[in-house]
Amino acid sequence: MKMSWAALLAMFAALPVMPAQAKDEPLAATGRWSPYTDGRAQTPPMGWSSWNAFATDIDEDKILGSAQALVRDGLAAKGYRYVNIDDGWAMQRRVKDGALIIRPGRFPLTNQPGRNASFRPLTDKLHGMGLKAGIYSDLGRNTCSQAFSPDETDLPKGSVLEREIGLYGHIDQDIDLFFSKWGFDFIKVDGCGVRAYGPDSEKVQTGKYRMLPPILNMDFVNRSDIPAVQGLFGQINAALDRNNPDGDYLLSLCIWGAADVRSWGKNVGNISRTSDDINPSWGRMLTNFDTAAKRAFYAHPGSWNDPDMLNIGKGDFDENHLTEARSHMTMWAMINAPLMIGMDLRQAPKSLLDIFGNAKVIAIDQDPAGHQAVVAFDSDDVQIFVKTLSTGEKAVAIFNRSAAPLEVDLTAAQMKYRDATDVTLVDLWNGQKRSFRTTTKMPIAGHQTLLFTARGSRMLDNGLYLSEQPGNVNPAVDGVTQPTPDPTIHRSATGWQRTRGSGEGPIYAGWGGVQPDRAPYGETLAINGKRFDTGIGVLANSRLEVRNHGYRHFVATVGVNDSARDTNRAATFAVYGDGKLLANSRELKWGSAGQQIAADVTGVKVIELVTRSTSSSAPPLPTTWADAALLKR
Ligand code: GLA
């Protein structure tokens with residue numbers, strides 16, 4: 001017999017309050033919300049970066065020219081504030097005192113007769129224009145262009161030691177220089193210096209650069225030294241604290257999904273790259289998108305997934321490919337990606353400025369609730385993403401990844417709306433309105449993305465499912481014990497290697513991570529043959545932190561997911577409120593019916609959902625918090 005939530009609550013109220021376990025136990029409830037919230041990234045950062053437009057061939061005219069265009073064309077007023085100088089600005093590091101020297105001749109504003117050049121006049125100028133300023137460095141001694149640039153023209157000059165312009169061994173000194181002295185507001189920290197200068201590097205062997213044992217490996221996650229990489233970012237965090245009393249900074253992690261950073265980047269920085277570099281091809285855009293698209297629970301206000309800068313303006317996204325350019329912009333907005341323009345804005349045609357400047361699309365990216373879109377329908381050609389907005393509406397994107405035109409069906413249920421009432425859609429690219437009930441058909445062109453805001457009657461009218469609010473759910477421990485590459489990420493032929501070699505293998509770890517409305521590994525949510533459209537799929541031995549914004553009840557139906565490979569194991573499920581046990585389940589095996597679980601969370605700030613496997617954990621056990629929701633009454 002099904003019990004009412006009130007009866008369940010009364011039953012759980014009688015549970016003894018157990019003290020939180022020792023803090024060194026990762027599954028022990030802490031009562032804390034742990035993702036990174038320092039710095040200024042309450043919404044994803046927006047701006048412009050020099051890299052996709054100019055690579056290392058940068059100078060003041062190009063940077064200020066694009067900054068002026070941001071203001072002139074009204075993009076700054078729409079939120080594009082950061083003007084980021086990427087790789088290529090440094091000339092050398094003076095050996096006697098470690099001072100960084102700016103490339104002479106490239107930035108006339110920085111000249112100070114009789115003293116070291118300083119970026120301060122340039123950052124002052126940008127600040128005076130209402131903009132913010134960003135700079136680039138590397139975790140190691142040397143940067144990515146020093147490792148990979150095919151030509152020397154724009155690279156640092158001088159002796160081996162003088163050409164060591166990265167942060168390694170100089171973290172505090174450089175962060176002080178960039179932020180306190182030079183006035184920057186943003187730093188991108190690349191990882192080539194701790195990846196590409198091992199003993200086998202030809203440039204190391206020929207004495208061009210010093211060897212630094214690699215701690216990052218792009219091909220094999222278990223050849224990365226994850227604690228060592230985290231340790232360096234920890235030092236950067238501490239230096240930013242020391243040298244940024246006003247807290248106005250933004251830390252951008254650029255280790256391309258290596259070292260399992262897709263799982264932990266949210267703990268140490270404001271934005272974290274999930275893949276290798278984008279380039280202006282449709283296939284590569286898909287690859288970069290995929291590395292972030294199913295990581296909704298790993299992004300929150302303050303710490304966002306970064307599938308790389310926009311590449312609108314070139315190649316498959318130039319003014320002759322406006323459909324593709326709109327799709328790129330739309331999907332970045334849906335997944336709360338940073339919106340960093342990567343083209344030379346001094347020459348941007350109006351058609352592209354209109355894409356960057358679509359205020360309705362920008363508002364989807366910048367929605368203050370901070371919920372990354374969730375996949376509602378998935379296939380190799382069409383995907384449907386749904387994102388909960390702070391207005392109570394949904395944003396819906398129908399993404400035709402294929403070149404062929406198609407007819408698609410959109411259902412009310414995909415937005416968690418009721419079938420029997422009207423759903424109203426407003427197209428954010430052409431302003432058109434339409435309404436439907438239950439299901440509607442629409443044509444979609446090849447590579448097109450349809451983007452709507454949607455209003456309807458919610459299936460859950462007195463609360464919000466947790467899978468509708470990923471920005472409030474953080475996998476403090478996601479149960480993945482052996483990070484393995486995600487095989488579902490599209491692999492394009494147009495990465496760095498193009499079609500040389502044997503092609504990119506699956507390289508981005510995180511397979512088995514926490515999923516909205518699906519089981520880990522992308523399977524259906526189901527407990528003992530009963531299928532659920534809504535819920536959280538998570539491996540056992542996990543702890544999810546949930547921020548509670550004033551809801552009174554937590555409810556879910558829990559159990560081992562039918563997709564478990566080992567059908568003999570069991571799990572228990574527990575709900576904590578600000579560190580205290582509120583409710584727990586009995587031992588549930590594969591094939592046991594789901595158990596309803598409920599907790600009174602009135603006044604609780606952080607709820608924790610802990611799943612424990614009752615026996616050893618190989619292979620990891622997929623479990624389900626089906627229909628998990630926060631309710632008002
Ligand atoms: C790496 C980064 C790029 C860019 C270059 C600069 O490849 O991923 O975004 O910063 O380095 O060399």
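Nothing in this text is a laboratory measurement; each read-out follows from the coordinates by a stated rule. Treat the numbers as computed from the prediction; the structure is a model and nothing was measured. All Cβ positions, glycine included, derive from the backbone under ideal geometry; neighbour counts span all protein chains shown.
Compute, for the stretch 46-365, the length of the dipole vector about the Cα centre, with Cβ point charges of +1 (Lys, Arg) and -1 (Asp, Glu) only. Units Debye, rounded to 20. Mind showing how you got there, number by number?
Working: 35 positive and 40 negative charges, 95 e Å.
For the stretch 46-365, the charge dipole is close to 460 debye.
Can you give the percent of C-alpha pairs in the stretch 529-587 whose distance is more than 13 Å?
Percent of Cα pairs beyond 13 Å in the stretch 529-587: 69.
How long are the three semi-axes of the equivalent ellipsoid of the stretch 198-257, in whole Å, if each is the root of 5 times an eigenvalue of the C-alpha gyration tensor, listed from largest down?
That gives 29, 15, 10 Å for the three semi-axes.
Tell me, in nm to one decimal, what length is gained between R223 and R346 on full extension, where the rule is 0.36 nm per residue of separation less the Cα-Cα distance? Kindly include the intermediate steps, with their values, before the conclusion.
Details: separation 123, 0.36 × 123 = 44.28 nm, distance 4.32 nm.
Fully extending the segment from R223 to R346 adds 40.0 nm.
Take the Cα pairs of the stretch 270-423, get the Kirkwood Rh, then feed it into Stokes-Einstein at 4 °C and 1.567 mPa s and tell me D in µm²/s.
Details: Rh = 16.0 Å.
It diffuses with D of about 81 µm²/s by this estimate.
Stretch T567-A238 to full length: gain in nm at 0.36 nm per residue minus the Cα-Cα span?
Working: separation 329, 0.36 × 329 = 118.44 nm, distance 4.58 nm.
Gain on stretching T567 to A238: 113.9 nm.
Determine the equivalent ellipsoid of the stretch 153-277 by diagonalising the alpha-carbon gyration tensor, then write out the semi-axes as square roots of 5 times the eigenvalues, largest first, rounded to whole Å. Could the numbers behind the result be given before it?
On the way: eigenvalues 116, 83, 27 Å².
So the equivalent ellipsoid measures 24, 20, 12 Å along its semi-axes.
In nm, what is the difference between 0.36 nm times the number of residues separating A445 and R531 and their Cα-Cα distance?
In short, 27.7 nm is gained.
Take peptides 52-62, 285-295, 174-184 and line them up by average Cβ neighbours within 10 Å, highest first, as a rough protection proxy.
Descending packing order for the listed peptides: 285-295, 174-184, 52-62.
Treating cross-link reach as a plain straight distance, find the aspartates and glutamates whose alpha-carbon is under 13 Å from the alpha-carbon of K433, omitting any fewer than eight places away in the same chain.
Of all the aspartates and glutamates, those that pass the test against K433 - Cα under 13 Å, at least 8 places apart if same chain - are D422.
Report the convex hull volume per residue for the stretch 275-346, counting only C-alpha atoms, in Å³.
Each residue corresponds to 83 Å³ of Cα convex hull volume.
Using R₀ = 45 Å, calculate the FRET efficiency as 1/(1 + (r/R₀)^6) where r is the Cβ-Cβ separation of E319 and V95; round to 0.05.
Working: r = 48 Å, r/R0 = 1.06.
In this case the efficiency is close to 0.40.
Tell me what the chain gives for mean residue ellipticity at 222 nm when only DSSP H runs of n ≥ 4 count, each as -39,500 (n - 2.57), the sum divided by the residue total, rounded to 500 deg cm²/dmol.
Helices in the chain give a 222 nm mean residue ellipticity of -5000 deg cm²/dmol.
Got a sec? Charge dipole of the chain, +1 on Cβ for Lys and Arg, -1 for Asp and Glu; which of I102, A325, L466 is way out at the positive end?
L466
Let me see the pair-distance distribution of the stretch 89-201: every alpha carbon pair, 10 Å bin width, integer percents in order.
14, 45, 33, 7, 1
Cross-link list K125/K314; K266/K314; K181/K350; K125/K208; K78/K441; K360/K441: which exceed 27 angstrom alpha carbon to alpha carbon?
Checking Cα-Cα distances, K125/K314; K266/K314; K181/K350; K125/K208; K78/K441 exceed 27 Å.
Treat every Asp and Glu Cβ in the chain as -1 and every Lys and Arg Cβ as +1, leave all other atoms uncharged, and give the resulting dipole magnitude about the Cα centre to the nearest 20 debye.
Taking the Cα centre of the chain as origin, the dipole is about 1080 debye.
Sorted by packing (mean other beta-carbon atoms within 10 Å per residue), highest first, where do 252-265, 145-158, 461-474 land?
252-265, 461-474, 145-158
Tell me, rounded to the nearest percent, the portion of alpha carbon pairs in the chain spaced more than 46 Å apart. Don't jump to the answer; show the numbers that get you there.
Details: 34477 of 200028 pairs.
Counting pairs separated by more than 46 Å, the tail of P(r) holds 17 percent.
What Kirkwood hydrodynamic radius, in Å, does the stretch 374-460 give when the mean of 1/r is taken over all pairs of distinct Cα atoms and then inverted?
12.9
Positive end of the charge dipole of the stretch 46-365 (Lys, Arg +1 and Asp, Glu -1 on Cβ, about the Cα centre): tell me which of L177, N336, L70 has its Cα farthest that way.
L177
Rounded to the nearest whole Å³, what is the per residue volume of the convex hull around the Cα atoms of the stretch 210-336?
On the way: hull volume 17.6 nm³, N = 127.
Cα convex hull per residue, to the nearest whole number: 138 Å³.
For the stretch 46-365, count the residues as N, evaluate 2.2 N^0.38 Å, and divide the Cα radius of gyration by that value, please. Intermediate results must be reported in sequence, preceding the final value.
Values: Rg = 18.7 Å, N = 320, 2.2 N^0.38 = 19.7 Å.
Rounded to two decimals, the normalised Rg is 0.95.
As an exercise, use a Förster radius of 22 Å and the Cβ-Cβ distance of Q432 and M459 to find the FRET efficiency, rounded to the nearest 0.05. Mind dumping the intermediate values first?
On the way: r = 26 Å, r/R0 = 1.18.
Efficiency at R0 = 22 Å is approximately 0.25.
Starting with the highest mean, order 159-168, 109-118 by the number of other Cβ atoms within 10 Å, averaged over the residues of each peptide.
Order by mean packing, descending: 159-168, 109-118.
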